[in-house]
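Right, one structure below, let's go through it.
Read the figures in this text as sums done on the coordinates, not as results from a lab. Keep in mind it's a predicted model, so treat the numbers as computed, not measured. FYI the Cβ positions are ideal-geometry reconstructions off the backbone, even for glycines, and counts take in every protein chain you see.
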Amino acid sequence: MTMQVFLTIPGYDVEAEIEKFVWMDAVIWQMPSWWMHEPWTVKKYIDEVLTAGHGKLYQSDGRHSVNPTEGYGTG
């Protein structure tokens, strides 16, 4: 098993972060929690990296053209 530690402070390159997600089998998040939510900087990171990773990290949201309401969120 190989393990790497990645820090996003003071900043990060979105494309490099996508490649890290491609490399990973699992992710362990360590952060403070406020009212059962992650800090805004973590939310921003997730939004930026996963949105930019569409097509490389995931292909779709589970909907399909035959019946777009069926299977939503399953893929």
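Calculate, for Glu48 and Met3, the FRET efficiency according to 1/(1 + (r/R0)^6) with r their C-beta to C-beta distance and R0 35 Å; round to the nearest 0.05.
0.90
Using a basic spin-label model with each label point 7 Å from the Cα along Cα→Cβ, how many nm lie between Ser60 and Trp40?
3.6
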